[in-house]
Amino acid sequence: MLAGLLRRYIPGDTFQPDLFEPKSMKLSFALLTAIGAGVAQFATAADVTGTVTLSGTPPAAVEIKPLETDPVCGKLHTEKVFTEFYVVGANKELADTIVMLKGDNLKAAKADAGASPVVLDQKGCLYVPQIVALQTGQKLVVKNSDVAPVAMHNVHINPTAGPNSSEYSTKISQPQMAGAADLTYNFAAPENFMKFQCDVHPWMFAWVTVVDNPYFAVTGKDGKFSIKNVPPGKYKIVALHRKAAPTGMEKEIEVKDSGATADFTLEAK
Amino acid sequence: MTQPAPNRWLHRFAVLTALATLALIGIGGLVTSHEAGMSVPDWPNSYGYNMFLFPPSKWIGGILYEHTHRLWASMVGLLVIALLRWVGGRQSRKPLAIVGLVEVLAGIAIFAIWPNEKATGGFLTGIGGMVLLAALVWFRNDIAPGSLPLLAWLTFFIVQFQGLLGGLRVVLFKDQIGIFHATLAQIFFVLTCLIALMTSRWWMKWANIQHPTPNIQHPIASVRSLNGIFVATTALILFQLILGATMRHQHAGLSIHDFPLAYGKLWPATDPASIEQYNAHRVELTNINPITAFQVQLQMVHRIVAVLILAAVSWCAWKAWRKFPGAIAKTSVFWFGLILCQATLGAATVLTDKAADVATTHVLIGALSLATGAALSIITLRIPQSAVGVSPAENVSRQTASMDLDEATGIGTAGKMPAAR
């Protein structure tokens, strides 16, 4: 709303100072110039959208029999449970691909303290979702929605970036009993597909990607992604899938006021 | 030199210790096969509980395997301490008390100096206390003859070191420690088997046989050459077990999924593009680490060494069957059977996508193969010492004609070997 109001009076490069009282003109002009410059950028920020598809035939999903035959966890599922390494739509749309912007003009920035946390749940003895992305400094909340008789999970993280490893060197593996409080993580350094696992239930995995800027998204089941509020400029855009090749397909895009699009085709060799 | 008659209860206790160790290796195999090594993240406690008081209601998922492994290992530790007291007789009391005291003091010192290493301190204090208690038990028997006390002391130190390694593997998250832990477990099992062998009635009779007739027509060198081949083949099996432990403890599952070919070829490609392709096509349920070129090559070497072992053991069995009838021939054929079984299990491990029960049996048969090779090596090593100048074939034939390994577990007369009183 604020952006709309200001845009109405200060339409970017068509700013007209004579709309204001002469006495306070100097101060107001300086103030509004500063606000205007910031908002103008915000106002012209646009979305980068696109679709990720898969070429080739991926290996078939495998039934997770250790889960189904587990005397406790098996009872939580009435249907067969399969791996979700390649979630591919009818038209080869590829889900669970991380798409992120990179570039010299994108300074590394941690998330604001008030940024809403990303939630990773443990439900039915599975991590939900299995692919997660968040910004450096953004909270990751790991919940345990499983209740008795699932006595516990054991959240075992595998950070590879130095600062993340150091920060959690004594908290690599943390038990989380049924009904226990959420575990909270806050990673300072970017890294791709940090493995989260449960050592009690060795089929449970999630992969967490930490990005050092706010411009990233994860493709949905329709293969689509939308990176919001990207300032105009030239960037590299990277698509990362945990399995499909190549690992990190890169393109160059120019984001204009109207936004930009970038489509990717990854390969299941 | 004559040896004292065997003590059947000591022998039975040694056999029990060896069997318990084999079971421990099996449970350890289940831990890695189920990727459950880290399912209890603390040590020597279990989820904050004293290990021995951890409620069974919480033994779920991988915890069942890991916690059972810890408890079983503790029991094996106690068996080994008791075995040392029995074999070492009253003479072992003082050194055992010193070792226990040193461990307790070391544990307390670690607590005080390095608070971050309190797990190690707690372990040392606990195990030192157990050793001190064992030293207080009054055994009046004499120390066992020969190299038995040495072997018992060796197993005593190894079992404690193994406990420490197992714990450090958990708290330090080091796969390398796991590889060493698994390899040392195999050597430890061999030592317990040798103690069982050397406390047997069969072994005593073997040592007591007199060999008065010189025979220069059959040089002793042929026995020595057989012994050399047994030793070399056993060393090759140990090398193979180290390769297996390395593959197992990298937690990457199967690096090659087909057999007898490898990715459809005699020798698979290991360039980066191929490795990327292999990983893209893997659908791994538990061993989720991506495979590397090194791991692919490692499995290929494991396959090649398996063929070499099969050839070597076949040759050993054939030669022993022809020239050394009796216990050596029978044991060699048993060894050959184990290796055949092991090769089949190796192929089955690949073809079943490393099913936990198949992979664990593969570990167990590997341990038995190593122990059998070691036993044959020791037995044939002993022939020249007791039968200098006698035809090896004649000597062995004489000795083993009426002896069978079945007798090894038979009941002997109560004798001079140390008996606990």
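The values are calculated or read from the model by the stated rules, or taken from the named source; none is laboratory data. As the structure is a prediction and not an experimental result, all values here were calculated from the model. Ideal geometry is used to build each Cβ from the backbone, glycine not excepted, and the neighbour counts take in all protein chains shown. In case anyone asks, the SASA skips ligands and DNA or RNA and just uses the protein heavy atoms, side chains included. Shrake-Rupley method; radii C 1.70, N 1.55, O 1.52, S 1.80 Å.
Summary table
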read-out	value
Test for A:Ala206: is it within 13 Å of chain B (Cβ to nearest Cβ) and open to solvent by less than 10 Å² (accessible area, probe 1.4 Å)	yes
Selected residue (only one of A:Ala245, A:Ala260, A:Ala268 is within 14 Å of another protein chain (Cβ to nearest Cβ) and in contact with an Asp or Glu (Cβ under 7 Å, 6 or more places away or on another chain))	A:Ala245
Subset of region B:157-183 that is under 20 Å from B:Lys94 (Cα atoms) and under 14 Å from the mean Cα position of the chain (by Cα) - its residue that is surrounded by the most Cβ atoms within 10 Å (Cβ to Cβ)	B:Val159
Check on A:Phe225, aromatic (Phe, Trp, Tyr), under 22 Å from A:Leu67 (Cβ atoms) and surrounded by 21 or more Cβ atoms within 10 Å (Cβ to Cβ)	no
Filtered residue count, region B:57-74, keeping only those that are out of contact with any His (no Cβ under 6 Å at 6 or more places or on another chain), open to solvent by 30 Å² or more (accessible area, probe 1.4 Å) and within 11 Å of another protein chain (Cβ to nearest Cβ)	3
Filter result for the condition that a residue is charged (D, E, K, R), touching a helix residue (DSSP H, G or I) at 6+ places or on another chain (Cβ under 7 Å) and open to solvent by 10 Å² or more (accessible area, probe 1.4 Å), over A:Glu167, A:Glu191	A:Glu191
Some residue of region B:334-342 being at negative phi, β-branched (Val, Ile, Thr) and either open to solvent by 40 Å² or more (accessible area, probe 1.4 Å) or part of a helix (DSSP H, G or I) (or both)	yes
Qualifying residue in region B:23-30 (condition: within 14 Å of chain A (Cβ to nearest Cβ), on the phi < 0 side of the Ramachandran plot and modelled with pLDDT of 95 or more)	yes
Residues satisfying the stated conditions in region A:88-110, i.e. under 12 Å from the mean Cα position of the chain (by Cα) and open to solvent by 20 Å² or more (accessible area, probe 1.4 Å)	A:Asp96
Count of residues meeting criterion [among the charged types (D, E, K, R), part of a loop (DSSP other than H, G, I, E, B) and more than 9 Å from chain A (Cβ to nearest Cβ)] in region B:261-315	1
Sole residue being touching a Phe, Trp or Tyr at 6+ places or on another chain (Cβ under 8 Å) and more than 11 Å from chain B (Cβ to nearest Cβ), chosen from A:Val48, A:Val87, A:Val62	A:Val48
Index of the failed condition, A:Ala113 passing every other in (1) under 30 Å from B:Leu64 (Cβ atoms); (2) open to solvent by 70 Å² or more (accessible area, probe 1.4 Å)	(1)
Residue list for region B:315-328, filter: surrounded by 15 or more Cβ atoms within 10 Å (Cβ to Cβ) and either touching a Leu at 6+ places or on another chain (Cβ under 9 Å) or free of Cβ contacts under 8 Å to residues at least 40 places away in the same chain (or both)	B:Cys316, B:Ala317, B:Lys319, B:Ala320, B:Trp321, B:Lys323, B:Phe324, B:Ala327, B:Ile328
Close pairs from region B:1-22: first surrounded by fewer than 23 Cβ atoms within 10 Å (Cβ to Cβ) and of a type in the set (D, E, K, R), partner at pLDDT below 65 and in a loop (DSSP other than H, G, I, E, B), Cβ under 8 Å, at least 6 apart	B:Arg8/B:Ile411; B:Arg8/B:Gly412; B:Arg8/B:Ala414; B:Arg12/B:Thr409
Flag for B:Pro325 being part of a loop (DSSP other than H, G, I, E, B) and away from every other protein chain (no Cβ under 14 Å)	yes
Residue list for region A:63-85, filter: surrounded by 14 or more Cβ atoms within 10 Å (Cβ to Cβ) and not in a helix (DSSP H, G or I)	A:Ile64, A:Asp70, A:Val72, A:His77, A:Val81, A:Thr83, A:Glu84, A:Phe85
Hits in region A:248-257 (condition: within 14 Å of chain B (Cβ to nearest Cβ) and buried (at least 17 other Cβ atoms within 10 Å of the Cβ))	A:Met249
Set A:Asn164, A:Asn154, A:Asn192: member being part of a helix (DSSP H, G or I) and closer than 30 Å to A:Ile64 by Cβ	A:Asn164
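Listed here are the residues, each with its yes/no results for (1) in a loop (DSSP other than H, G, I, E, B); (2) among the basic types (Lys, Arg); (3) in contact (Cβ under 8 Å) with a residue 24 or more places away in the chain.
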position: B:Ser225; (1), (2), (3): no, no, no
position: B:Gly228; (1), (2), (3): no, no, no
position: B:Ala232; (1), (2), (3): no, no, yes
position: B:Ile237; (1), (2), (3): no, no, yes
position: B:Asp258; (1), (2), (3): yes, no, yes
